[in-house]
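Take a look at the structure set out below.
The values are calculated or read from the model by the stated rules, or taken from the named source; none is laboratory data. Here the structure is a predicted model, which means the values were calculated and not measured. Glycine gets a Cβ as well: all are built from the backbone with ideal geometry, and neighbour counts include every protein chain shown. For accessibility, only protein heavy atoms count, side chains too; no ligands or nucleic acids. Shrake-Rupley method; radii C 1.70, N 1.55, O 1.52, S 1.80 Å.
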Amino acid sequence: AAASRAQTKFEMMCKGLKSYISILIVVLCEGFVPRAQTQIIPLRKRSSFNQQQNQPQQSSANTALIERRNTALASIAIVGDVATRWAVPAVVAAVSAAAIKWRLDRPSRPYDASANSVGREYDAWTREGILEHYWGEHIHLGWYTDEELKRGYLRKDFKEAKYNFTQRMMEFGGLSLNEIPFNAKILDVGCGIGGTSRYLASTLAEKGVQVTGITLSQEQAERATKIAAERNIGNCEFKVMDALAMTFPDNSFDIVWGCESGEHMPDKKKYIEEMTRVLKPGGKLVIATWCQRDNSTQPFTDEEVRALDFLYSEWTHPYFISIHDYANIMYNTKQLISIHTEDWWKNTIASWRHSIWVGVFDPWPVIRAGPRVWWKCLRDGICLERMHRAFKRGLMQYGMFRATKKIA
């Protein structure tokens, strides 16, 4: 009803504007059209002969002027009608487009630690179900082999790509069945709705592993727990906990896993230090996170600063750092050894546009959700494309890290 009233009000405004412009065009242009005028000659200065001779001429001149004026006004009316039919809508459309672009260029979800903006946004995404519908259980990018990219990423199942990423990350971190110890305890920092936690728990179940996932979102923790119960996965649990102030004792876990959670951390140093603290000596730390280019080797331009600021604030990220900066933080803990880094941008970048296309191919969940979700998904689509472009031009990097906590 509110939308209908707003539309009616907008249509009335447009009609009023059209009428006003029509009148204004006629009034302004009419001043340039010659008017028929009668020459007044005092009676005492005119003879009856002159009066008889001048009257037909005066009448003929007036008629010609009147015809010219009417023709000109008719032409003006046609111009005014064309202007109100096409010019006004064009102007309104141009102004509206400029206003929408201005609004879309302004980040809408800046990071706010005091408001727990990260937990709040993930609560909303989880309740809506849109993110889970399109991205599945794994709220992170997918993995595409060189051959798959050559064939075309749209030929690959989007959700399968995410499972493939988890498998590749396990290989990268040395978490195969042959490498992981029996009864290992695994911590998933920033677990989302638990897709990776459940995958690790199921894949490594024969080794007796126990997986704990933590998140700032109560909705995510509840959803993760519900899915685990539905699938009878009893060797994983989920908690609401701040990754920068974990309540676990020192040296609690054999493996600490962080997949795309560092982006939301306001203190990257504390993020690494806390994960290192709860890691047992000899344990493995494995991290995947979005990074920005190293500013010390190639300073950011003003345009790049604006682009990064949008990427920070649209999805409630405080800031990003470079792969090099993360490696330095890990080295400076004085507790991590065998530190290894890679940039996986090439085999993950397809995820951004693939995410857009799955929404195009299956729009009904968004359509049924209503105008508020339409606007939100429009903004998310724009941010996905900007992420793609940032990774494509090297402004962003996909950082992969592994390290071992040294034995004292």
### Message
Need pairs with beta-carbon distance below 8 Å; first residue within 16 Å of Arg109 (Cα to Cα) and within the stretch 365-379, second open to solvent by less than 80 Å² (accessible area, probe 1.4 Å) and not in a helix (DSSP H, G or I); sequence gap 6+ or separate chains.
### Response
Arg379/Ser108
### Query
Checking Arg198 against (1) buried (at least 21 other Cβ atoms within 10 Å of the Cβ); (2) modelled with pLDDT under 95; (3) charged (D, E, K, R), which single condition isn't satisfied?
(2)
### Task
Look through Ile214, Ile227 and report the one residue that is of a type outside the set (S, T, N, Q), part of a strand (DSSP E or B) and either open to solvent by 70 Å² or more (accessible area, probe 1.4 Å) or touching a residue at least 12 places away in the same chain (Cβ under 8 Å) (or both).
Ile214
### Query
Does the stretch 286-304 contain any residue that is more than 30 Å from Ile407 (Cα to Cα), open to solvent by 60 Å² or more (accessible area, probe 1.4 Å) and part of a helix (DSSP H, G or I)?
yes
### Task
Report yes if Thr297 is among the β-branched types (Val, Ile, Thr) and modelled with pLDDT under 95, otherwise no.
yes
### Task
For Phe165, indicate whether it is under 25 Å from Leu311 (Cα atoms), aromatic (Phe, Trp, Tyr) and either modelled with pLDDT under 95 or crowded, with 23+ Cβ neighbours inside 10 Å (or both).
yes
### Message
Against the definition (in contact with a Gly (Cβ under 8 Å, 6 or more places away or on another chain) and either within 26 Å of Lys207 (Cα to Cα) or not in a helix (DSSP H, G or I) (or both)), how does Met275 come out, yes or no?
### Response
yes
### Message
Need the failing condition index for Gly282 against (1) open to solvent by less than 10 Å² (accessible area, probe 1.4 Å); (2) over 30 Å from the mean Cα position of the chain (by Cα), just the number.
### Response
(1)
### Task
Please verify whether the stretch 111-132 includes one or more residues that are acidic (Asp, Glu), open to solvent by 10 Å² or more (accessible area, probe 1.4 Å) and outside any helix (DSSP H, G or I).
yes
### Summary
Scanning the stretch 159-195 residue by residue, those in a strand (DSSP E or B) and of a type in the set (A, V, I, L, M, F, W, C) turn out to be Ile186, Leu187, Val189
## Note on the structure
With the first residue restricted to the stretch 381-401 and required to be within 14 Å of Ser322 (Cβ to Cβ), and the second required to be of a type in the set (Asp, Glu) and open to solvent by 30 Å² or more (accessible area, probe 1.4 Å), Cβ contacts under 7 Å at 6 or more apart or on different chains are Gln397/Asp343; Tyr398/Asp343; Gly399/Asp343; Met400/Glu342
#### Entry: Selection status of Ala307, touching a residue at least 40 places away in the same chain (Cβ under 8 Å) and more than 26 Å from Asp105 (Cβ to Cβ)
no
### Summary
Per the filter on the stretch 168-192, residues open to solvent by less than 30 Å² (accessible area, probe 1.4 Å) and of a type outside the set (Val, Ile, Thr) are Met169, Met170, Phe172, Gly173, Gly174, Leu175, Ala184, Leu187, Asp188, Cys191, Gly192
### Task
Scan the stretch 230-241 and give yes if some residue there is surrounded by fewer than 15 Cβ atoms within 10 Å (Cβ to Cβ) and part of a helix (DSSP H, G or I), otherwise no.
yes
### Message
When you scan the stretch 144-155, do you find a residue that is under 24 Å from Gly234 (Cα atoms), open to solvent by 30 Å² or more (accessible area, probe 1.4 Å) and modelled with pLDDT of 95 or more, even just one?
### Response
no
### Summary
Selection over the stretch 330-386 where residues are touching a strand residue (DSSP E or B) at 6+ places or on another chain (Cβ under 7 Å), more than 16 Å from Gly142 (Cβ to Cβ), open to solvent by less than 30 Å² (accessible area, probe 1.4 Å) and assigned to a helix (DSSP H, G or I) yields a count of 1
